[in-house]
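One structure is given below, encoded as C-alpha cells.
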Amino acid sequence: MCIIGITGTFGAGKGTVVDYLEQSRWFVHFSARKLLEDMLKKQWRPVNRDQMHTLADDLRGTHGPDYIIRMLYEEALRQHQPVVIESIRAIGEAEMLKQKENFTLLGLDAPIKLRYQRIVERGSSTDNVTFEEFVKQEESEMDNEDPTHMNLKGCLALADYVIINDGSVEQLHKRIEEVLEKIGV
C-alpha cells in the first residue's frame, strides 16, 4: 500500500493535491487539520489557527513529537487502498513517517503573496487574517529546534519531492503525476 504525506507552507496547494489524489487516484484522505478541529470543538474551544497550533504543540509535548501523525498513520494502515495524510508540520512527524515502508513525503510551496491570495479566496474560518498576520503566523511555524513544535522549513527539507505550485491547477496536476510515476503509483 502507498502512503503519501503532504507537508508545505500555508496556501501552497496541499488541499488541491489531496483533492486530486482522492478524485483521480482513489486515495483515502486523513487530515491532521480535521483531527485538531474536531478536538477543539469537543473542548468547546475556538477553531482558529492559533488554537490549532497550541493544541498540536500540547499533544506532541504530552504524547511525543509524532503523536498526531502517528494516530493518522495507524488509521491509514487499516485501509485497503492508497492513503494521503495531510499535513505533516513537525520534524518528529516527518522523521517517524520517513522510516516507514511505502511512504513518500511530498512538499509544496509557492510565493508568499500568491499563497496569501489563495487563502483569502478559499475563505476558511482559520484563514481570515491580514497579510501581516499571515506572515507572522507562518514565521512562527516555519523553523523551530523543538521536534514537538511546527517546523515547516525542516519538513520541506525532509521531503522526498517538492513541488513549487506557482502555476495553474492543470500544471499542478501534471507535477503530481510526475511524482506518482517516480514512486510507482
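Are any of the residues in the stretch 94-112 in a loop (DSSP other than H, G, I, E, B), over 17 Å from Asn165 (Cβ atoms) and at pLDDT 90 or above?
Yes, the conditions are met somewhere in the stretch 94-112.
Kindly indicate whether Ile68 is touching a residue at least 12 places away in the same chain (Cβ under 8 Å), part of a helix (DSSP H, G or I) and under 21 Å from Lys98 (Cβ atoms).
Values: touching a residue at least 12 places away in the same chain (Cβ under 8 Å): yes; part of a helix (DSSP H, G or I): yes; under 21 Å from Lys98 (Cβ atoms): yes.
For Ile68, the condition - touching a residue at least 12 places away in the same chain (Cβ under 8 Å), part of a helix (DSSP H, G or I) and under 21 Å from Lys98 (Cβ atoms) - is met.
Going through the stretch 115-139 one residue at a time, which ones are of a type in the set (Ser, Thr, Tyr), modelled with pLDDT of 85 or more and assigned to a helix (DSSP H, G or I)? I'd like the intermediate steps shown before the answer.
Going residue by residue through the stretch 115-139, those that are of a type in the set (Ser, Thr, Tyr) are 116, 124-126, 130.
Then keep just the ones that are modelled with pLDDT of 85 or more; that gives 116, 130.
Across the stretch 115-139, the qualifying residue is only Tyr116.
Restricting to the stretch 37-65, what's the tally of residues that are within 17 Å of Asn128 (Cβ to Cβ), at pLDDT 90 or above and part of a helix (DSSP H, G or I)?
3
State yes or no: is Glu75 among the charged types (D, E, K, R), at pLDDT 90 or above and buried (at least 19 other Cβ atoms within 10 Å of the Cβ)?
Numbers: among the charged types (D, E, K, R): yes; at pLDDT 90 or above: yes; buried (at least 19 other Cβ atoms within 10 Å of the Cβ): no.
No, not satisfied.
So Val84 clears everything in (1) within 15 Å of the chain's Cα centre (by Cα); (2) at pLDDT below 95 except one condition, right? Which one?
It is condition (2) that Val84 fails.
Of the numbered conditions (1) touching a residue at least 60 places away in the same chain (Cβ under 8 Å); (2) in contact with a strand residue (DSSP E or B) (Cβ under 9 Å, 6 or more places away or on another chain); (3) farther than 23 Å from Leu40 by Cα; (4) not hydrophobic (A, V, I, L, M, F, W, C), Glu95 fails exactly one; give the number of that condition.
(2)
Select from the stretch 26-36 the residues that are of a type outside the set (Phe, Trp, Tyr) and modelled with pLDDT of 95 or more and write down the one among them that is farthest from the chain's Cα centre (by Cα).
Selected residue: Val28.
I want to confirm something. Restricting to the stretch 29-58 and keeping residues that are among the aliphatic types (A, V, I, L, M) and surrounded by 18 or more Cβ atoms within 10 Å (Cβ to Cβ), which single residue is nearest to Ile164 (Cα to Cα)? Let's see the steps before the verdict.
Going residue by residue through the stretch 29-58, those that are among the aliphatic types (A, V, I, L, M) are 32, 35-36, 39-40, 47, 52, 55-56.
After this cut, where a residue has to be surrounded by 18 or more Cβ atoms within 10 Å (Cβ to Cβ) as well, the list is 32, 35-36, 52, 55-56.
Numbers: Ala32: 22, Leu35: 27, Leu36: 27, Met52: 26, Leu55: 29, Ala56: 26 Å.
Taking the candidates together, the pick is Ala32.
Under 15 Å from the mean Cα position of the chain (by Cα) and surrounded by 15 or more Cβ atoms within 10 Å (Cβ to Cβ): is that true of Val129 in this structure? First the steps, then the outcome.
Values: under 15 Å from the mean Cα position of the chain (by Cα): no; surrounded by 15 or more Cβ atoms within 10 Å (Cβ to Cβ): yes.
Criteria not met by Val129.
Residues that are among the hydrophobic types (A, V, I, L, M, F, W, C), under 17 Å from the mean Cα position of the chain (by Cα) and part of a loop (DSSP other than H, G, I, E, B): does the stretch 145-163 have at least one?
Looking only at the stretch 145-163, we keep the residues that are among the hydrophobic types (A, V, I, L, M, F, W, C), and these are 150, 152, 155-159, 162-163.
Those still in the list that are under 17 Å from the mean Cα position of the chain (by Cα) too: 150, 152, 155-159, 162-163.
Next, from what is left, pick out any that are part of a loop (DSSP other than H, G, I, E, B): 159.
Yes, there is a match, as at least one residue in the stretch 145-163 is among the hydrophobic types (A, V, I, L, M, F, W, C), under 17 Å from the mean Cα position of the chain (by Cα) and part of a loop (DSSP other than H, G, I, E, B).
Scanning the stretch 1-27 for residues that are touching a Leu at 6+ places or on another chain (Cβ under 7 Å) and part of a strand (DSSP E or B), which turns out nearest to Ile119 (Cα to Cα)?
My answer is Gly8.
The values are calculated or read from the model by the stated rules, or taken from the named source; none is laboratory data. Note that the structure is a prediction, hence the values are computed from the model and not measured. Note that we place each Cβ from the backbone using ideal geometry, even for glycine, and neighbour counts take in every protein chain shown.
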